[in-house]
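Asks: Quick one: this structure, given as structure tokens, is what I'll be asking you about.
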Amino acid sequence: MTNLQSWILKGQEMIKDRERRILRAKKWKFDTVATHGLYDLQQAITQNNGSIMEPVYMSPAQAYTDSAEMEAALSYQMPTWCYSRIANPSTFFLEEVIALLETYGTGIEASGLSTSSGMSAIRTATDPFLVKDDSLPPPNIVSCAKVYGGTFQQFWVRRHEEQGVEVRWIHDPFDLNEWEAAIDDGTRYVFGEFPSNPSLSIFDIEKVAELAHLKNAPLIVDSTCASPALTRPLAYGADIVVHSASKVISTSGTSISGLLVARKNLISKVGCNEMKADFATWAKLWPYRDNGPSLHPMGAILTLNDLRTLRMRIVQMSKSALTVSKFLQSHSKVSMVSYPGLESFKGRDLANKYLKLVDSDEPMFGYMLMVEIKESDSDSSINTRKFFDGLDMIWRATDLGRVKTIATLNAISTHQQQGEEGRKLAGISPNAVRISIGIEDPQDIIADLDRALNNI
């Protein structure tokens, strides 16, 4: 046996050990998986001087024992950290956990990938499906129009205006006929947010996945505003899930990060067999390596530390959000409240189907709501700004998913650049205020909202 072959065998042993730890973790409950992931006592003692918590590997590169190990590692014949632009132990700790959480309670096999932001997660998830292929019709993207402003810009400006890729916006995500009419042989991927930011619009993941798969297109779901504590789109047929982990997953607000989880053997009309078999791992070793959207190791560990308490935070934030939504719905100076937990919410049946607290049958609807303030005419925002500027405890910012409650005027911030027509597509009016509920006592949140409404 050559020295190279011995290192390849060593790599196979490392893979088998990881598979053993995955099988063990799949027997645990959600909170246990979030707390431990695949990091265990054996790893701590043999690799990390007994550290109970996952270490931050700040070094950008890995040293090798000899040329044979380097050759086996850099030809991807054994697991390697090689260079942090490709992989790093700290980011891998996070990737392992999110893959387990997104497939929790299912028999689905998936792998995860961390990125420097939610937008880089979307780019990493979608770029490979837009490769040149003259055997197919011209490429198109089918996406719900009710998406985050940055996603709208990435699809419409970067893909359509700059690269000539057709974007087909779905105006009414509840209308399956509209989805069906838009998806055809040229569709490279189908995209939707669940729920959308900031209008809280949802769609039938299971049915849309079926429509996408009929045309050999993957369904990609941005589940930032739900998190795996409330819904796991892969279980309903989605192929890839992306997160801006900077939000409720990394709720302390100490880092910007993105996450991607892809089912193995996903559906696609383009790409090599290796890509379809294990998209996230393939992306890490090839396009991710070349494009460099890697997450800093410190950001990975900060995100991982917040992720451990995701479920319990979601419970408190969701219950408070429902209480606040009911207060605002009854207020005389409010014209509309969008929150999936309200009886008035369009698509309440879908919300009850897809939004449930993990390890529970209890419907739970998340931390985010949108409120429209009464104005004298539809284009006005005078009262809305009086309300917004009157907030005291609640923060005026563009953030969401924080432990602190934050309010945002999306028309002048997150969705400003897409223009008036784009905002109409996304359902963002001048009098709309997105409120992300934190972990404060709900009565204190209500008191501050009431005080601000009295400014009108």
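Computed from the coordinates by the stated procedures, all read-outs in this text should not be read as laboratory data. Here the structure is a predicted model, which means the values were calculated and not measured. Methodologically, a virtual Cβ is constructed for each residue, glycine included, from the backbone with ideal geometry; neighbour enumeration extends over all protein chains shown.
Asks: Highest first, please rank the peptides 135-148, 109-122 by the mean number of other Cβ atoms sitting within 10 Å of their residues.
Replies: Ranking, from highest mean packing down: 109-122, 135-148.
Asks: Taking every DSSP beta bridge with both residues inside region 52-189, roughly what % is antiparallel (nearest 5)?
Replies: Of the beta bridges lying entirely in region 52-189, close to 10 percent run antiparallel.
Asks: Apply the Debye scattering formula to the chain, with a single equal point scatterer on each alpha-carbon and no solvent, then give log10 I(q)/I(0) at q = 0.10 Å⁻¹.
Replies: Each listed q maps to, in turn, -0.72.
Asks: Ranked highest first by average number of other Cβ atoms within 10 Å, how do 204-214, 170-180 line up?
Replies: 204-214, 170-180
Asks: Another one. Apply 1/(1 + (r/R0)^6) to the Cβ-Cβ distance of Tyr83 and Asp349, taking R0 = 51 Å, and write down the FRET efficiency to the nearest 0.05.
Replies: The value I calculate is 0.55.
Asks: Moving on. With axes computed from alpha carbons, what is the tilt in degrees of helix 3-25 against the longest principal axis of the chain, rounded to the nearest 10 within 0 to 90?
Replies: So the helix axis and the longest Cα principal axis differ by about 40 degrees.
Asks: Rounded to a whole number, what is D in µm²/s for region 105-153 from Stokes-Einstein with the Kirkwood radius over alpha-carbon pairs (4 °C, 1.567 mPa s)?
Replies: Calculated translational D: 95 µm²/s.
Asks: Given the chain, what percent of its DSSP beta bridges are antiparallel, to the nearest 5?
Replies: So the antiparallel bridges in the chain amount to around 60 percent.
Asks: Straight-line reach from Lys264: which lysines have a Cα under 18 Å away, not including same-chain ones fewer than 8 places off?
Replies: Lys16, Lys26, Lys276, Lys284
Asks: Using alpha carbons only, how many angstrom separate the centre of region 1-59 from the centre of region 419-444?
Replies: 42
Asks: Pulled fully out, how much extra length does the chain show between Asp66 and Val157, if you take 0.36 nm times their separation in residues and subtract their Cα-Cα distance?
Replies: Stretched out fully, the Asp66 to Val157 stretch lengthens by 28.0 nm.
Asks: Moving on. Largest first and in whole Å, give the semi-axes of region 310-453's equivalent ellipsoid, each being the square root of 5 times a Cα gyration tensor eigenvalue.
Replies: Semi-axes (√(5λ), whole Å): 24, 18, 14.
Asks: Report, to the nearest 10°, how far helix 205-214 tilts away from the longest principal axis of the Cα atoms in the chain, using its own Cα long axis and a range of 0 to 90°.
Replies: 60
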